[in-house]
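Scroll down for the structure; my scribbles are underneath it.
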Amino acid sequence: MDQFDGKDIMEIMQEDLLRALKKPRKERRWAMAIDLKKCIGCHACTTGCMSENLTPPEIHYRPVKEEEIGEYPNTGMRFLPRPCFHCDSPTCTPVCPVTATYKRDDGLVVIDYKKCIGCRYCIVACPYGARSADSGHYFTGDFHDKTYEVENSGEYGGNFKRKSHWHSPIGNARKCHFCIHRVEKGELTRCTTTCLGNATFFGDINDPKALITKLISKPNVFRYKEELGTKPMVYYIT
Amino acid sequence: MKLFGVLIPEKEQLIGTVGDVIKGKAGLSLYASIFGLLIGLYAIGSIFIRGHAHTINTSSLVPWGLQISTYVYFALLSTGCTFVNFFGHVFFEKQYKPFASRIVFVGIITAVAAFFSLTTEMGHLERMYYFLLSPNPKSPMFWMAIWYTCYLIIITWEYVNIQTNRHSNRVMWAAFFIAVFTHSTLGSLLGSVSSRVYYYSALMPIYFLFIAFLTGCSLTTIIAAMTVKQKKLDENYHLHPFVTLLKVGLGLALLITFWRMMIGLSAHLEGSEVFSLTLINSVLFGIVVVIVIPYILLKIGQSANWLIFVGLFIMGTQLKARNDLVVGAFKIPVFRVYDMPEVIHYTPSIYENLVVVASASLVAMLYIVFERSGVFEARNIKEEH
């Protein structure tokens, strides 16, 4: 297990999370940091997320981009996991005509599954490709006889089962929500706990004592496509 | 105010038309449009019953496809009819008068047909009431809905005025400006999306207005040419305004298409390589086929039959051009992972194509039924008396 200041990273983040949950919601600011030096491109976060949120085919809340860098003989691989960045100045929320997607006071950009009309304007508007359209595909085809395909994933603390195309989340836009249904129960996000290299950090950046706040204050930190002005809340450590 | 026989056909006429259809005397065009509408309704029903996964080829990578481009196409047709109605009344009053009610009516039914296509695209149509319950005034789509509602009301009012011989210049001007606001808002829906370089442009609302004018001119030219033939009017006198407006429309379309292409090619933003990728299509199809060839065709002849052909040519090529516009923004994925290709290809499914057929057939069928019933002549008969 990795350590920070002699203490286990997961334990530190768990303490940070529980401390943040004691504050009023509007005083929290959830963010994520991903250490690219530690990411080994195992895709455990991708599959962990899929199993946590029971996402259907072609929908990945957290894909990992693999890039070959350099030229032979000086080549290497770079892995870039991309969850939703929960931007501070999102391009997706202003375009939703029915306010189904909005930024919460704790910084999360969420989708109200009961309001989303499935116009997909937010999917078009996202510059990171972080949103997906759930058209109703199943891994098991037309008869989707596997329970996990129609089971309630608990997203947003709700009871959304993919029973038919008349029931959300089918027909909706979907995306990473920082496992809000876990976080509000005091559990770290699935990708954070699944990460084999302990490369993912999650916490409240309004808390000066939080591990993530200390990590992102270093100069070797960048945000993806920061020039777009979206102010993403996912930081990459190089 | 009398409804039957003035705004809509007389009951006897409608019953007679149904009787003609059953007896096989309705004419090929009406049968073709009824058949197209039936198979289109089958496709729409399949989409609603079976769901998008089994019927539609849009995806997270291509969220907007043929249904959105068809909606845009019919919305532009409707706007164009309103523009032609305005310019026809203002600049060519006497020559335009026999066609006014027909053109405004087609403006209404094309606006309705646009929604045929849009309804099949939505993931949850039954939640549209949230437009009223939790509207987002920052969203261009919200404003598009507001303006579209105003637009439908005003052009219906214009139609009622024309049919009841109470044509009002104020309503006509209002219809014109509301059409401008509505369809420039539709253009801004694309133009304000900064994440898609193919859309993002201050030119987009103006592009939509200019293309609407051209597309509307082509449809109204067809209507005018068919009416001239049917009523044996003076072709040169009555069709000259439409030829003029078509040429202006082609000029405006050339201007805006050229500059949009040039500005896109000069961009150094991420994703702007899509303009280079689509350059050959933009030049050969978007300019030569869609604009230059129709202009040459107009120079060749201006008889009623030839103008019907030119109008259909422009309308057909504009439908493909709309699809190229809407889908073009998704050719380059914004975040390429796994086995995503470098260039995304999209082919509409048979159901999506049949939705287009449904929309076009609806317009054709309603127009033919109203034309057969003589409801457009009711105004002229009143004038003579």
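The values are calculated or read from the model by the stated rules, or taken from the named source; none is laboratory data. Please read all numbers here as calculations on a predicted model, not as lab measurements. Note that each Cβ is placed from the backbone with ideal geometry, even for glycine, and that neighbours are counted across all protein chains shown. Quick note on the areas: whole protein, heavy atoms, side chains included, nothing else; ligands and nucleic acids left out. Shrake-Rupley method; radii C 1.70, N 1.55, O 1.52, S 1.80 Å.
Filter the stretch B:54-92 down to residues that are small (G, A, S) and open to solvent by 20 Å² or more (accessible area, probe 1.4 Å) and give me whichever is farthest from the other protein chains (Cβ to nearest Cβ). Explain how you work it out, then say what you get.
Just the residues of the stretch B:54-92 that are small (G, A, S), to begin with: B:59-60, B:65, B:69, B:75, B:78, B:80, B:88.
So of that shortlist, the ones also open to solvent by 20 Å² or more (accessible area, probe 1.4 Å) come out as B:59-60.
Working: B:S59: 7, B:S60: 4 Å.
Once the filter is applied, the top-ranked residue is B:S59.
Looking only at residues in the stretch A:100-110 that are open to solvent by 10 Å² or more (accessible area, probe 1.4 Å) and not in a loop (DSSP other than H, G, I, E, B), which one is nearest to the other protein chains (Cβ to nearest Cβ)?
Going through the stretch A:100-110, the residues open to solvent by 10 Å² or more (accessible area, probe 1.4 Å) turn out to be A:102-105.
Now restrict to residues that are not in a loop (DSSP other than H, G, I, E, B): A:102-103.
Details: A:Y102: 9, A:K103: 12 Å.
Restricting to residues being open to solvent by 10 Å² or more (accessible area, probe 1.4 Å) and not in a loop (DSSP other than H, G, I, E, B), the top hit is A:Y102.
For the stretch A:118-152, give me the residue count where each residue is within 15 Å of the chain's Cα centre (by Cα) and surrounded by fewer than 24 Cβ atoms within 10 Å (Cβ to Cβ).
In the first step, residues of the stretch A:118-152 are kept if they are within 15 Å of the chain's Cα centre (by Cα); the result is A:126, A:128-132.
Among the residues that remain, those that are also surrounded by fewer than 24 Cβ atoms within 10 Å (Cβ to Cβ) are: A:128-129.
Matching residues across the stretch A:118-152 total 2.
Kindly evaluate B:L203 against the criterion of being of a type in the set (A, V, I, L, M), under 30 Å from B:I263 (Cα atoms) and open to solvent by 20 Å² or more (accessible area, probe 1.4 Å). Please lay out each step first, then the result.
Details: of a type in the set (A, V, I, L, M): yes; under 30 Å from B:I263 (Cα atoms): yes; open to solvent by 20 Å² or more (accessible area, probe 1.4 Å): yes.
Yes: the conditions hold for B:L203.
Using the structure shown, decide if A:K65 is in contact (Cβ under 8 Å) with a residue 24 or more places away in the chain, under 16 Å from A:Y235 (Cα atoms) and either in a loop (DSSP other than H, G, I, E, B) or open to solvent by 10 Å² or more (accessible area, probe 1.4 Å) (or both).
No; evaluated as a whole, the condition is false for this residue.
Would you check if B:I44 is surrounded by fewer than 24 Cβ atoms within 10 Å (Cβ to Cβ), within 12 Å of chain A (Cβ to nearest Cβ) and of a type outside the set (D, E)?
no
So B:A224 ticks every box in (1) touching a residue at least 12 places away in the same chain (Cβ under 8 Å); (2) more than 26 Å from B:L3 (Cβ to Cβ); (3) surrounded by fewer than 16 Cβ atoms within 10 Å (Cβ to Cβ) but one. Which box is left unticked?
Only one criterion is unmet by B:A224, namely (3).
(1) of a type in the set (F, W, Y); (2) surrounded by fewer than 20 Cβ atoms within 10 Å (Cβ to Cβ); (3) touching a Leu at 6+ places or on another chain (Cβ under 8 Å): which one isn't true of A:Y72, the others all being true?
(3)
Quick check: is even one residue across the stretch A:81-96 among the aromatic types (F, W, Y), surrounded by fewer than 24 Cβ atoms within 10 Å (Cβ to Cβ) and modelled with pLDDT of 95 or more? First the steps, then the outcome.
Residues of the stretch A:81-96 that are among the aromatic types (F, W, Y), as a first pass: A:85.
After this cut, where a residue has to be surrounded by fewer than 24 Cβ atoms within 10 Å (Cβ to Cβ) as well, the list is none.
Within the stretch A:81-96, none of the residues are among the aromatic types (F, W, Y), surrounded by fewer than 24 Cβ atoms within 10 Å (Cβ to Cβ) and modelled with pLDDT of 95 or more.
Check B:E352 against each of (1) more than 14 Å from every other protein chain (Cβ to nearest Cβ); (2) farther than 30 Å from A:L228 by Cβ; (3) among the charged types (D, E, K, R); (4) open to solvent by less than 30 Å² (accessible area, probe 1.4 Å) and name the one condition it does not meet.
Among (1) more than 14 Å from every other protein chain (Cβ to nearest Cβ); (2) farther than 30 Å from A:L228 by Cβ; (3) among the charged types (D, E, K, R); (4) open to solvent by less than 30 Å² (accessible area, probe 1.4 Å), the lone unmet condition for B:E352 is (1).
Residues to consider are A:K115, A:K218; find the one that is in a loop (DSSP other than H, G, I, E, B), touching a residue at least 12 places away in the same chain (Cβ under 8 Å), at the interface with another protein chain (Cβ under 10 Å from one of its Cβ atoms) and open to solvent by 10 Å² or more (accessible area, probe 1.4 Å). Don't jump to the end; show me each part of the working.
Values: A:K218 fails: at the interface with another protein chain (Cβ under 10 Å from one of its Cβ atoms).
None of the other options fit; the residue is A:K115.
In the set B:S139, B:S188, which member is within 14 Å of another protein chain (Cβ to nearest Cβ) and crowded, with 23+ Cβ neighbours inside 10 Å? Give the derivation first.
Details: B:S188 fails: crowded, with 23+ Cβ neighbours inside 10 Å.
So the residue among B:S139, B:S188 that is within 14 Å of another protein chain (Cβ to nearest Cβ) and crowded, with 23+ Cβ neighbours inside 10 Å is B:S139.
Residue check: is A:I9 more than 13 Å from chain B (Cβ to nearest Cβ), open to solvent by 10 Å² or more (accessible area, probe 1.4 Å) and in contact with a Phe, Trp or Tyr (Cβ under 9 Å, 6 or more places away or on another chain)? Outline the logic, then answer.
On the way: more than 13 Å from chain B (Cβ to nearest Cβ): yes; open to solvent by 10 Å² or more (accessible area, probe 1.4 Å): no; in contact with a Phe, Trp or Tyr (Cβ under 9 Å, 6 or more places away or on another chain): yes.
Judged against the criteria, A:I9 is not a match.
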